[in-house]
Structure formats: structure tokens, C-alpha cells
1. So for each of 87-100, 150-163 I average, over its residues, the number of other beta carbons within 10 Å; can you give me the resulting order with the highest mean first?
2. At a threshold of 8 angstrom on Cα-Cα distance, excluding pairs fewer than six apart, so keeping six or more, what relative contact order does segment 465-600 reach in percent?
3. Starting with the fewest neighbours, write out 387, 256, 715, 56 ranked by other beta-carbon atoms found within 10 Å of each beta-carbon.
4. For residue 120 and residue 328, FRET efficiency with R0 = 45 Å and r from the beta-carbon atoms, rounded to 0.05?
5. Sort 703, 322 so the one with the fewest other Cβ atoms within 10 Å of its own Cβ comes first.
6. Please figure out what share of the DSSP beta bridges in the chain is antiparallel and state it in percent, rounded to the nearest 5.
7. Please list 324-332, 430-438, 683-691 highest first by mean number of surrounding beta-carbon atoms within 10 Å per residue.
8. Let me have the 222 nm mean residue ellipticity of the chain computed from DSSP H runs of 4+ only, each contributing -39500 (n - 2.57), with the sum over all residues rounded to the nearest 500.
């Protein structure tokens, strides 16, 4: 039993984040083990702090060690694999140990410091109460005397088929009193178990066997041997939109489960989970668990407990589901693998792909990346032989790809159409409505009007806390900042700088909805953006209504572009793509190509052929034309040449160090000093290849009263480079520079902050 333990404590600064040694009281020794959550006295005042045990020593280091205050029960212990992931995140992402712990376990399974009933003793308290229920089993036959009641006979008959919970018995009309009476006679026994929650239980199970096309079968045959080898393997399933990648997933999961192993499926955003859950639940039933941020804390905890207790063979979720506490993982699927949402933008700043590779390596699992528009780095890995490439070139059921038309919006304006919806798109929507077909319109700007500019001094109305224009939201009659949430209501009519008249312009999803209502008063229009989907289960409910044809037109932001499958959608329109085309960051073209290819692929997925219209002021742009032709191979050749010429990933690693603080000169000086320290330390290690750019102001200089600067480092992302950066961060902290500007390191950035 451990006499001393090494504990990683919460709220440690990067510089002081190490293991602190504590002594273990004799009555705690049976409970303490690697991965235990503990409460410790910390600092001069011995204030209670949360911690996790990451080392166990047999002998105390000194006689002056402090003792642990409290230890969580063994059921709250981190599994060996989760502990490994904590260390992995600490080594790879420049987070603290405890930030890593908070990433791998949900809020509800975490603890916080509290006081015992005496009001003095520090103890651990659960963030959420663990929900339990009683599970009853038949222990003895029911005696015939005295004569059993009908309810007693019913209870025994039901339990003879296996154990049942109190909830299940009550649902059959058997009360708690009846059950307790049978327990007192020794006929039944009851035990407390973690409550389970079968989310989406209403989805009926489809017992029909999965049937694959010849091409899908060939893809399955190429991938399934890697489920059986027991060795880690990475593959890319690259298929045109509508080629039926999901059915290949289901068949691979079926094989994985038959081999006695488990599967993890990641989707890039919450709007895509309902459709994936529907496919998985209807095929595999109750043994599917869900992990994503739209669940409330209790739902998420109950699902997490179900996974930890071995009650789930399949987990589906967004980025954080990569930390699901599953054992015997045989398959990890990352769908729409190119999406930026797989990269965390808060500490720990991890990429789900990197964690997935680590877990696949630990478990000898198949990691399957899938996309119609793979990231340039992933496709390059297939060309370099580091990743298996499996292609699906045909649409499911032999449907042709949609025909695509590019409309020049400059010509529309010159021809006397000032609206944001071109005459071609208007005619196509009208025809679609007459044919009782549905339309999806992508507009990547929420709000009503995206700019308020003074007619006299030409100043744009900006957020008082951020250096970005405020957006007019007509529904609430207010100006809103999409970065910090600041509001101005009612919307101003005069310029705050010179008193001139403010002119409102620009086009967001709310204005698009209004324009559509004016053009097509008979149409039923659904708007999908952050404003309409903020409520719980809103994505699911709205998409279900669209699937039932309760709406004719869906207009929305990026959430309508990917993964959705509606057989009556035969027209797709892309509005306002130009702002993305000229965005900063080396992935800008890749993002536009992917978004257009994906949204165009939403149309013509059943019997009727699909059509797409892309509106732009740059109709000759090669990226738009390659996306219109769905020619990924030609786009990749163009993009990889640009990346090689400019030295961008995959030809180097890209590390962005961001600096934030409340005084701009201090932030600029701190960033410059960091660059100086990096130069000094790098000079001592000339074998480490580096290119340092900056520091420069962030693409948005100020967000929520904080100024932002960045340093971009082109590097080889290996242990040597990370050690060098750790050394520089320590020197930065020793000079007390974090007081001027907080420094954060992101090794998965697209180069823009």
C-alpha cells in the first residue's frame, strides 16, 4: 500500500505544474491508487485543492510531508488508459496535469472541495450526485402459503426472466411496497446500481441485414482485415458525397463487435449527431452511448457511467468523445475528418486525430478517417504510404453528381437586381416549389445585416470591447457582437463618432429568410443558425421536421452543409462564399473547397437529379470551379504545390504562440521578449529546424477588452522542439511576463488567431 503519493494539483501555473509529494494516512491506504482523485492541503495556508494521484512511492521522502485530506471512492479512479491520456495531453499540448484530467472526464464525474458536517474538516464532494437505482433479482421460489397476491405473482414471473430495476417494475404496475414485501421474505434481493439512461430509446431497431454495393463491399474487404490483425492501422475512406460511407461504417462496426471489441464514432458537430445516432441505434439498439456538449450534465454523466461500466459497445459523439472510457477498442471512425472542430481551441489544445492515433496504438485498433474532401495533410499521408487509401467513386444507387452553375453577382447588380438572391436561383427555387421538392441554402453569416457604416465619416460601428463590426439582429432589434456577446439596443441610427447617419448593409441568415419570404410567400422556410438552434435538442427537432417535409426551404450557416441526407432535396444554393474565399489562414482555400463540395453534395441523393447554384463576385476563381466539378484530385495537386512553396503543413509543423492582455503596448513587448528568448534558446540548439514569424497583431486585435498578438513558428513538431518551447515558457514565467500577457501555445492552429 502506498505510504506517499505524487499528486498533480488543480490551478497550478505551467511553471509550477509538477507532482507534489503527500503522505497517506493508514485508514486511506486501501483506497489510494494511481488515478485516485484526492483533496490535498496546498501552499503556506494549507488550503484545500483538488488533485489526482499520478505516482505511488513506497517510502516517504521526508518527515515533514503533509497528509491527504480526503480520497474519492475507487469507482471514481481514472482507468490506466485515461491516465495515459492525461500524460499524453500534458506532453503534447502544453496544458497542466489537472487541465488534462478535466478534459478526459466529464464535469459530473469530477469532484470539488467542501466541508464536512462539522464545518471544519475539508472533504471531497461530487460535482453531481451519482444517480443510482435498485436492481432486483429472484432469490428463492414464492411459497404457496399464505396465498400470493396477483401483483406478487406478476413480480416473480417478470423477475424469473432476469433482474429488473425499480423503474421497470413500476412501469409494469408493480409498486415499491410489493417489491419490499417480497424482499423482507427473502424471495427477492435488491442492490444499488448506477442508473442507466437510454437516450433516443424511441428509435425503432431495424433488423434487416446491411446490403452493400459491389464498390462498398470492396471497401469493406480492404479495411476489415485490419480489425482482425490486432495491430494499429490508419486508413482513409475517401468517397464522393452520397457514396454511402456510413453503410461501410456500420458493416465494420458489426464486424468489430463480433470480434468482441468496441467502436468509437466521432462526428464534427452536434448538428450531425442525430443522423449518425439514428443509423447506429436502428442497427445496434441499446448498446450505443452518446457523448456531446448538448447533453445536460446529468445525461452526460449517466452516459459516461454506462460506458465506464461496460454497458456500451459503441460510443458516438463530438470531439470530446475521443476520451470515452472504453476498453478493448477495436475501431475509431472520424467522419468528415477535415473539419476544424476536431481541434480544441481551449486548453488542452489537442487535435482529436492525434489522440485517436494514440488510442489506436495502445489498443491495436483500426483508425478510419472518412471524407469526400479529406484534409491536405491526410491525403498527403496516403500518397506518402503512411495511411491506406480506400476510394468510393460512385454515388449510392448510381445517382449522378449534381449539375453546378456559377452565377456572377456583379452581372446581376449591373442587370438591375440588387437582391442577394440571383434571378437564376430565384427561378430554380420557384421550379423546385412547383415540383414539391426541397431546397437548402448556405449563407455563412448569421444575423440580419452585418455592417453599420456612417455615411459621413465612413466609420463602421464596432463592438466597444472587440475590434470587430457589430451585427444587426432584427428579431431582438439589437446590435450584437458575435465574439463577446455585447449588445446595443435599440439599434442606433446616428454615428457615435461624428453624429452622421448610419447606413445598414450586408446580408445575414435573418435577412435571407426575410427576402425568401417576400419572394415566395407560399413557401415554408426554416432558418438554421446559432440563434435558432440554441435550445436543447433544437438541431434534432428542426432537422426531423425538415425530413418530414414540414419545410420547403432550409437556409443556414455551415451546420447545413455537411453530412445531412434528405431524399427530397434537389437544389442547393451557396450565397456569400466570397468572405471565406479571401479569409486569412493557410487553410482558407481548403475550407472553401470542402464547404462547397459538401453542400453541393446534399442535393440529388435519391431518385431525382440534383442541381446547385454558387453565387460569387469571382466566377473565374479556380477553387470555386474545382469544387463545382467535385474534382478533389485536381484541387489537391494545386493545394499541395502551394503548401510546399510556402512551407506549410504537411511540409512542416505550425506552432502559434498567442499573447493576450488588457494593455496593448505591454502585450506587444511581452510577445517580442518571448521571441527574443526563443531566439536565444534556439541558438544553443542549432540542430532544431525553426522559422519564426512575428510577433504580429492577431487577425482580430481585440476581443472582450483583451489585446491579442501572435508568434508563428514553422517547426518540426517533435519532442526536441516541444522541450525547447517548454524551456522558453519557463523563462517567460520566471521573468513574470504572464502578468503583462498570458501566453498560450497551439500546435494545431491554422496560423490565424
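1. 87-100, 150-163
2. 14 percent
3. Ordered from fewest to most neighbouring Cβ atoms within 10 Å, 387, 256, 715, 56 come out as 56, 387, 715, 256.
4. Plugging the Cβ-Cβ distance into 1/(1 + (r/R0)^6) gives 0.50.
5. Details: 703 19, 322 26.
Ascending number of Cβ neighbours within 10 Å: 703, 322.
6. Numbers: 68 of 122 bridges.
Here the share of antiparallel DSSP bridges comes out near 55 percent.
7. 324-332, 430-438, 683-691
8. -9500 deg cm²/dmol
We did not get these values from a lab; they are worked out from the coordinates using the rules stated. What you are looking at is a predicted structure, and each value in this text was computed from that prediction instead of being measured. Counting neighbours? That spans all protein chains shown, and the Cβs are built from the backbone with ideal geometry, glycine included.
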